[in-house]
Amino acid sequence: MSCFNSIVFKSLTLVIFFFAAAVSLVVADDVVVLTGENFEKEVGQDRGALVEFYAPWCGHCKKLAPEYEKLGTSFKKAKSVLIGKVDCDEHKTVCSKYGVSGYPTIQWFPKGSLEPKKYEGARTAEALAAFVNLEEGTNVKIATIPSNVVVLTTDNFDEVVLDETKDVLVEFYAPWCGHCKNLAPTYEKVATAFQSEKDVVIANLDADKYKDLAEKYGVSGYPTLKFFPKTNKAGEEYDAGRDLDDFVNFINEKCGTSRDAKGKLTSKAGIVASLGELVKEFVSAADDENKAILDRMEEEAGKLDGSSARYGEIYLKAAKNSIEKGADYAKNELQRLERMLDKFIVERIS
């Protein structure tokens, strides 16, 4: 049974990498990331380019980000236009070359030219699109991007929030609240990052419209964030930060998920510590002891829920197959997964 360690850990790693690669294709930005290495290969060629020069710490850049992403999504099928961005903290030489002294700076590079024209208009997706359409002669409209935030009302609040099979984060907001407006794009990204987690819900409630519900849960300022885990439907105060990474870390810790800010699986995905300890026993045990250890694994897996429960099923399946099919099962399964991964990579490259 010495090969069991390989099938649980190596195979899990391959499976996770495979699906993480697939997920990354889904959530990839529609804005082209430009660097010192690729700038002149992408810009000034056979299409016009709108380029945002930004700094990650810049508040105005963060505010522009969701609008600029909408712009990129809307123009992604327009072959004559490139929507790009440059991180000026990381690529200072590029930004200096094009006279960037403040952030964000947005410049238009006509087809075949590296002589930019500075954009001076409003920083909304609609205004940017109108500018690009005028410069390039296109007729692209801003795409409507569906929200992944669940909208709560008096009709569905209990059904969604008090569902004991779901972990639910709720933002109580007011439409006129400036802080709520600033939080909105980040909160949308949180919802998008966890959209594949069936047991996690990111929701909001217009507390100005549904005052009774807000008062019921002690809301007195906006935005107020409350977390309703499966085990406590009275609700808990969300007291972490309000940057995207703060939300993602909070959800991962509280819900047992393993997602990054883009929604990709992290290196921790698929690993269940309690089962890992039993795997060590399984590997070193004699053949006649493995059934008893498998029974303990099944008992431990039965305590899991959410993502951990799904990963637990993989552990159990691997253990059962190792007992039933012998040591060659691990080697053959690992080879099969490696072939799948190789095929996936070749298809993506070609």
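The values are calculated or read from the model by the stated rules, or taken from the named source; none is laboratory data. For clarity, every value in this text was computed on a predicted model and none was experimentally measured. Glycine also receives a Cβ, built like all others from the backbone with ideal geometry; neighbour counts cover every protein chain displayed. Side chains are part of the model used for accessible areas, which takes the heavy atoms of the whole protein and leaves out ligands, DNA and RNA. Shrake-Rupley method; radii C 1.70, N 1.55, O 1.52, S 1.80 Å.
What the table below lists for this structure:
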{"read-out": "Residue check for residue 40: at pLDDT 90 or above, surrounded by fewer than 21 Cβ atoms within 10 Å (Cβ to Cβ) and part of a helix (DSSP H, G or I)", "value": "yes"}
{"read-out": "Output for the range 227-237, where each listed residue is within 23 Å of the chain's Cα centre (by Cα) and either of a type in the set (Val, Ile, Thr) or open to solvent by 20 Å² or more (accessible area, probe 1.4 Å) (or both)", "value": "230"}
{"read-out": "Boolean, residue 85 is surrounded by 19 or more Cβ atoms within 10 Å (Cβ to Cβ), among the basic types (Lys, Arg) and modelled with pLDDT of 95 or more", "value": "yes"}
{"read-out": "Residues of the range 52-94 that turn out to be in contact (Cβ under 8 Å) with a residue 60 or more places away in the chain and either touching a strand residue (DSSP E or B) at 6+ places or on another chain (Cβ under 7 Å) or in a loop (DSSP other than H, G, I, E, B) (or both), as a count", "value": "5"}
{"read-out": "So residue 165, is it under 23 Å from residue 65 (Cβ atoms), of a type in the set (Ser, Thr, Tyr) and at pLDDT below 95", "value": "no"}
{"read-out": "Checklist (1) part of a loop (DSSP other than H, G, I, E, B); (2) exposed (fewer than 14 other Cβ atoms within 10 Å of the Cβ); (3) at negative phi applied to residue 103, failing item", "value": "(2)"}
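For (1) open to solvent by less than 20 Å² (accessible area, probe 1.4 Å); (2) among the charged types (D, E, K, R); (3) modelled with pLDDT of 80 or more, each residue gets a yes or a no:
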{"position": "277", "(1), (2), (3)": "no, yes, yes"}
{"position": "290", "(1), (2), (3)": "yes, no, yes"}
{"position": "293", "(1), (2), (3)": "yes, no, yes"}
{"position": "298", "(1), (2), (3)": "no, yes, yes"}
{"position": "302", "(1), (2), (3)": "no, no, yes"}
{"position": "306", "(1), (2), (3)": "yes, no, no"}
{"position": "309", "(1), (2), (3)": "no, no, no"}
{"position": "327", "(1), (2), (3)": "no, no, no"}
{"position": "344", "(1), (2), (3)": "no, no, no"}
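Condition check ((1) among the hydrophobic types (A, V, I, L, M, F, W, C); (2) closer than 26 Å to residue 165 by Cα) across all residues:
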| position | (1), (2) |
| --- | --- |
| 178 | no, no |
| 203 | yes, yes |
| 212 | no, yes |
| 225 | yes, yes |
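Here is a yes/no grid of residues against (1) under 27 Å from residue 231 (Cβ atoms); (2) in a loop (DSSP other than H, G, I, E, B); (3) polar (S, T, N, Q):
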site: 251; (1), (2), (3): yes, no, no
site: 254; (1), (2), (3): yes, no, no
site: 271; (1), (2), (3): yes, yes, no
site: 274; (1), (2), (3): yes, no, yes
site: 281; (1), (2), (3): no, no, no
site: 295; (1), (2), (3): yes, no, no
